[in-house]
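So the structure is just underneath, and the comments pick up after that.
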Amino acid sequence: MKTNAPIGIYDSGMGGLSVRREVCRLLPEESVIYLGDGKNCPYGSRSVEEIRQLSVEAVEHLLGLGCKLIVVACNTATAAAIEYLRGKYPHIPIVGMEPAVKPACLRTRSRVVGVLATERSLDGDLFRRTAAKYGADIEVITTPGRGFVELVEENREQSAEAVEVVSRAIRPMLERGADQIVLGCTHYPFLLEALERAAEGYRVSFVDPSEAVARRVGQLLDEHGLRAEAGHRAEYSFETFADEAYRQRLARKAADTK
Ligand code: DGL
């Protein structure tokens with residue numbers, strides 16, 4: 001495997017751009033191909049079998065383009081398919097999303113933690129195991145972010161409607177005293193402004209695992225001897241299973257995501 005080969009980052013749509021931003025920031029010499037499915041988004045209410053199938057198609061596509069490492073920048077696809085993908089592609093390092101329940105449980109003072117994620121992630125094993133391990137004496141309140149993904153996909157993050165939609169989801173957590181709210185879906189960091197407006201007057205932090213995931217990518221590159229050469233000029237490109245207009249929207253949103 002050539003070390004200057006690109007890293008492949010995959011999500012159901014635009015959400016994984018929040019992870020891509022951190023990977024590009026932390027690893028500026030690495031080329032990155034971002035694949036935002038777009039055609040089958042949202043994944044959040046699809047069956048595990050369907051998500052596995054879609055994830056295999058995505059990984060095949062990225063491997064076909066010569067990627068040396070894959071980041072599944074989608075909590076839903078991680079929950080449904082990461083073990084399956086690692087079994088199917090044992091020679092390729094595959095990084096998934098870890099719901100940031102651990103850091104939230106370590107930081108909480110009120111002992112109440114909120115978790116926002118898609119329905120499929122919340123009923124998956126990965127989430128249940130993490131919550132049981134770190135949240136034993138903590139009240140963990142989970143809520144699916146209904147309508148969140150659509151707001152991001154349609155570029156409506158800045159709208160008044162966005163504040164209303166997120167407010168409906170987090171109000172009960174805030175009223176119970178949550179001081180940490182985990183963003184358990186890669187689309188949700190795009191709604192941070194709306195979330196902060198909806199939480200005005202409450203002392204609460206929103207926890208996004210993207211940076212930790214990017215650090216893990218760096219570690220794995222080192223472990224596998226796959227870092228790009230010093231001074232390598234990174235190249236960036238975008239792929240989708242939707243149409244050319246969607247591909248261009250991905251590129252634009254990435255450019256706006258600083
Ligand atoms: N961005 C994805 C996640 O992290 C999935 C959103 C969706 O397609 O429902 O879960």
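Structure summary
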item: Accessible surface, region 1-91, averaged per residue in Å² (probe 1.4 Å); result: 36 Å²
item: 10 Å beta-carbon shell around Ile92, net charge (K/R +1, D/E -1); result: +3
item: Full-extension gain in nm, Tyr134 to Ser205, via 0.36 nm per residue minus C-alpha separation; result: 23.8 nm
item: Of the GluC sites (Glu not before Pro) in region 161-234, those whose Cβ has at most 11 other Cβ within 10 Å and which sit in DSSP loop; result: Glu200, Glu229
item: Rounded Å value of the spacing that divides the Cα centres of region 143-187 and region 57-125; result: 20 Å
item: Helical contribution to [θ] at 222 nm, DSSP H n ≥ 4, -39,500 (n - 2.57), averaged over the chain, rounded to 500; result: -13500 deg cm²/dmol
item: Computed lengthening from Gln53 to Ala251, 0.36 nm per intervening residue step minus Cα-Cα distance; result: 68.8 nm
item: Förster radius 30 Å - calculated FRET efficiency between Arg215 and Ser237, Cβ distance, rounded to 0.05; result: 0.80
item: The chain: relative contact order in percent, alpha carbon pairs under 8 Å with at least 6 residues between; result: 30 percent
item: The chain: C-alpha pair distances exceeding 31 Å, %; result: 22 percent
item: Residue among Asp179, Asp123, Asp208 with the largest mean-square fluctuation in a Gaussian network model of the chain, springs linking Cα atoms under 10 Å; result: Asp123
item: Region 1-76: GluC sites (Glu not before Pro) in DSSP loop, at most 14 other beta carbons within 10 Å; result: Glu29
item: Fluctuation leader among Val23, Val165, Val101 - the chain, Gaussian network, Cα springs under 10 angstrom; result: Val165
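The values are calculated or read from the model by the stated rules, or taken from the named source; none is laboratory data. Note that the structure is predicted; figures quoted are calculated from it, not measured. Heads up, the Cβs are rebuilt from the backbone with ideal geometry, glycines too, and the neighbour counts pull from every protein chain shown. Side chains are part of the model used for accessible areas, which takes the heavy atoms of the whole protein and leaves out ligands, DNA and RNA. Shrake-Rupley method; radii C 1.70, N 1.55, O 1.52, S 1.80 Å.
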